[in-house]
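Worksheet for the structure shown next.
The values are calculated or read from the model by the stated rules, or taken from the named source; none is laboratory data. All values reported here derive from a predicted model rather than from experimental measurement. Cβ sites come from the backbone with ideal geometry, for glycine too, and all protein chains shown count toward neighbours.
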Amino acid sequence: MKSLKSILNISLLSGLIFMSSCKKDFLNEELTTARDMDFLKTDAGILQLATGTYYQVFNLPFSAEWAYCTQNYGVDEFMVGGDGSNGVWNNYDVGFRSIVTINNANTQFANAQWDNLYIGIGDANLLIQNAIASTSTSDAIKKIALGEGYFFRAYCYLRLVAQYGAVPLKTTPSTTVEKEFTRATPEEIYKQIIDDFKQAYELLPNTNAPAKITKDAAAHYLAKAYLFRASEINDSWNSSTKAADLAAIIPLCDEVISRHPLTGNFANLWNYTAPDGPNERLPELILSAQFTADVSTNGTNQQHLYWASRYDDIPQMQRDVTGDRPFSRLRTNYYLYRVFDQVNDSRFWKSFRTKSRLNKSAGNYYVNGDLGIIYIINQPGDNRFSSFKLNDVVVYSKTGKTIPNAYIAFPAGRTTNGAMEADVRFPSCSKHMDGSRIGFNETRGLRDLNLARSAETYLIAAEARIRLAKAGTGAYTDALQYINPVRVRAQFVNGEDRAAYYDGGGALGASTSGQNPNINSFMPENSYYESNNIPVTTAATNLAITDINTLPASDEYVIATLGISGTYERMLAFILNERSRELCGEYKRWEDLSRTKTLVQRVKAFNSQAAPNIKDHHLLRPIPQTYLDGIQLNGKALTPDEKQAQQNAGY
């Protein structure tokens, strides 16, 4: 952090520009329209600051690449795809230090996340101070804006402590440049986080979700903070708070669940059709980063760029709006192919694009609209396919034509993972695809980004039940009342077309690009039947868990691979697997594995790129060098030893 000035700043992008009033003597004229910090003490200023802080804290991270670098790289679910611009964040190699080795202009600096969060804290501190000081009697100021301030500060500190452990704790605005800071302990930081979320919970109304922070949002994140504090990474000091924390989680989650019912069909969460469309207002959604169809603003969501596999460099294919602009940063790992019950669990087939249509055919044997790319996510030992990459051999039953590009997860009877990793192709996680953009090369996305939904609330409560059972309160089976509703929602229902598929790439009707419909790679169909090699059926499936001693085969595979035994360890692995099935690609995974101290074990088992390098100290991020170089002790820059004393171990 640059001299920690970011703690003082209000983001210019929030639309709040502060400058001192000035006098142009040569005109004898005083500028009276400029705003200084006193403006923030007015009701109008407080409300504008709250609006700007929404942008700073929720939106700005998703206009850059560090969001996935810090949450989805270097985990079991995803690794580097076809572009290694930020591979250092995944690989934990020698370039991953307090100064990240720059690969190219897209590489994210070590301090990008740190700076963003402390700017948010600075905004929140101003919001809290000025809302408290305001003489207004309006609930918009004394309750809502104040509650939002407490929420923003807690939210930012929860991210900071989860990523870095001990960090500077700043709860008042700065009136001068400050350079002397020390790191508060995680125990002190969690106390502040929980106190702030409690304040937000008491102050906020329960209206305008998911666009606005609500009482339920505060309850969800308060439960999450309790869970994080009770997790293994804090076991050296959390014994005095753990039991009460875990007990407090359940009623909070029950409140949220009662008001945010699960969406009937998991696919509806990702069926984005237009900005502010129906899937962005589903009751399941608790809080979202809000984006707009107005691309003239800087507040655009660029996460659609990073999850898609390349398709536009394949013969008879070209880039289009529906296929997205594939920066190809995140490859789907084999762990995700194995952790789903591919026959009975609909979530894989509703979260990943496995088919694309030809959109640049010469019109001889193939025509535009024919199936051009297929990913076969089959089971180990399948002998149907001779190689991981096949051309013109897989019969497409609807037209009788062969498919020009087929990629096979387990070819030639292979029983080990990794065959498809020989190529840069992979099924794309489709939760962020955006076909409503204004052009096929447009980076500015328009769809909202979900931050919290009640399916996660169920899984937070389930994990709390598992931890309570370990402590001797209740039984491990108590978790099933929260796990099974999420799994039951993931079942194929009776009469459902299991090959049906849609994602945000199908939002072409909302695009102003003017794209020719024939230049359209989106296909509303998945490779379910081709992958599983089963007859067409529309029968319901059953995913409910009844016996925790014999978990589903996919979970037993993960547990065996990790070498886990013991009821608690098995149930913790199961809940982490369930979080993958439900929440993969939703910017949560690294913190889940770090807090449970399962990161190293799972990465070594499932992320072949990171496995050789990851070590125990990677459970925390390096403290950025910009912070260490910018602060002082007793009016002097830190010595190398003093800097090392403020750095996390191992860096």
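Give the residue, chosen from 230, 267, that is small (Gly, Ala, Ser), buried (at least 18 other Cβ atoms within 10 Å of the Cβ), closer than 15 Å to residue 461 by Cα and touching a residue at least 60 places away in the same chain (Cβ under 8 Å).
Of the residues listed, the single one that is small (Gly, Ala, Ser), buried (at least 18 other Cβ atoms within 10 Å of the Cβ), closer than 15 Å to residue 461 by Cα and touching a residue at least 60 places away in the same chain (Cβ under 8 Å) is 230.
Tell me, which helices (runs of 4 or more DSSP H) lie completely within the range 537-648 with 2 or more residues that are touching a residue at least 40 places away in the same chain (Cβ under 8 Å) and over 22 Å from the mean Cα position of the chain (by Cα)?
Ranges flagged: 553-562, 567-583, 625-630.
Restricting attention to the range 42-64, and to residues there that are of a type in the set (S, T, N, Q) and in a helix (DSSP H, G or I), which single residue is nearest to residue 445 (Cα to Cα)?
63
List the residue pairs whose Cβ atoms are under 7 Å apart, where the first residue sits in the range 290-304 and is more than 11 Å from residue 448 (Cβ to Cβ), the second is modelled with pLDDT under 90 and not in a loop (DSSP other than H, G, I, E, B), and the two are 6 or more positions apart or on different chains.
As it stands, the answer is 298/13, since those pairs meet every condition given.
For residue 68, indicate whether it is touching a residue at least 12 places away in the same chain (Cβ under 8 Å), assigned to a loop (DSSP other than H, G, I, E, B), of a type outside the set (Lys, Arg) and crowded, with 24+ Cβ neighbours inside 10 Å.
no
For the range 349-369, what are the residues that are without any contact (Cβ under 8 Å) to a residue 40 or more places away in the chain and of a type outside the set (Gly, Ala, Ser)?
364, 365, 367, listed by residue number.
Is it true that residue 443 is among the hydroxyl-bearing types (Ser, Thr, Tyr), in contact (Cβ under 8 Å) with a residue 24 or more places away in the chain and either part of a loop (DSSP other than H, G, I, E, B) or within 30 Å of residue 299 (Cα to Cα) (or both)?
Here the answer is yes, as residue 443 does meet what is asked.
With the condition kept exactly as written, say whether any residue in the range 228-249 is more than 30 Å from residue 628 (Cα to Cα) and in contact with a strand residue (DSSP E or B) (Cβ under 7 Å, 6 or more places away or on another chain).
Looking through the range 228-249, none of the residues is more than 30 Å from residue 628 (Cα to Cα) and in contact with a strand residue (DSSP E or B) (Cβ under 7 Å, 6 or more places away or on another chain).
So which residues in the range 278-299 are among the β-branched types (Val, Ile, Thr) and surrounded by fewer than 21 Cβ atoms within 10 Å (Cβ to Cβ), if there are any at all?
Answer for the range 278-299, where residues must be among the β-branched types (Val, Ile, Thr) and surrounded by fewer than 21 Cβ atoms within 10 Å (Cβ to Cβ): 292, 295, 297.
Name the one entry in 81, 120, 95 that is at pLDDT 95 or above, among the small types (Gly, Ala, Ser) and closer than 26 Å to residue 339 by Cβ.
81
State the number of residues belonging to the range 275-311 that are over 21 Å from residue 60 (Cα atoms), of a type in the set (Gly, Ala, Ser) and over 20 Å from the mean Cα position of the chain (by Cα).
Number of matching residues: 1.
Please go through the range 525-546 and pick out each residue that is surrounded by fewer than 15 Cβ atoms within 10 Å (Cβ to Cβ), under 26 Å from residue 358 (Cα atoms) and polar (S, T, N, Q).
533
Go through the range 507-524 residue by residue and tally those that are outside any loop (DSSP other than H, G, I, E, B) and either buried (at least 21 other Cβ atoms within 10 Å of the Cβ) or among the aliphatic types (A, V, I, L, M) (or both).
3
Report yes if residue 509 is on the phi > 0 side of the Ramachandran plot and not charged (D, E, K, R), otherwise no.
No; evaluated as a whole, the condition is false for this residue.
Has the range 627-641 got at least one residue that is exposed (fewer than 15 other Cβ atoms within 10 Å of the Cβ) and either more than 21 Å from residue 180 (Cα to Cα) or of a type in the set (Asp, Glu) (or both)?
For the range 627-641, residues exposed (fewer than 15 other Cβ atoms within 10 Å of the Cβ) and either more than 21 Å from residue 180 (Cα to Cα) or of a type in the set (Asp, Glu) (or both): present.
Please state which of the following conditions residue 210 fails to meet, knowing it meets all the rest: (1) more than 26 Å from residue 37 (Cα to Cα); (2) assigned to a helix (DSSP H, G or I).
(2)
Where residues in the range 119-162 are among the acidic types (Asp, Glu) and under 31 Å from the mean Cα position of the chain (by Cα), which of them is surrounded by the most Cβ atoms within 10 Å (Cβ to Cβ)?
Looking at residues that are among the acidic types (Asp, Glu) and under 31 Å from the mean Cα position of the chain (by Cα), I get 123.
Going residue by residue through the range 251-258, is there one that turns out to be of a type in the set (Asp, Glu) and in contact with a Leu (Cβ under 6 Å, 6 or more places away or on another chain)?
No - not one qualifying residue is present in the range 251-258.
If residue 48 satisfies all but one of (1) modelled with pLDDT of 95 or more; (2) under 23 Å from the mean Cα position of the chain (by Cα), what's the number of the condition it fails?
For residue 48, the failing item is (2).
Can you pull out the residues in the range 550-603 that are closer than 26 Å to residue 288 by Cβ and either of a type in the set (Gly, Ala, Ser) or modelled with pLDDT under 95 (or both)?
Passing the criteria: 580, 585, 594.
Please specify each residue of the range 334-382 satisfying the condition of being buried (at least 21 other Cβ atoms within 10 Å of the Cβ) and either among the small types (Gly, Ala, Ser) or at positive phi (or both).
Of everything in the range 334-382, those that are buried (at least 21 other Cβ atoms within 10 Å of the Cβ) and either among the small types (Gly, Ala, Ser) or at positive phi (or both) turn out to be 346, 351, 356, 372.
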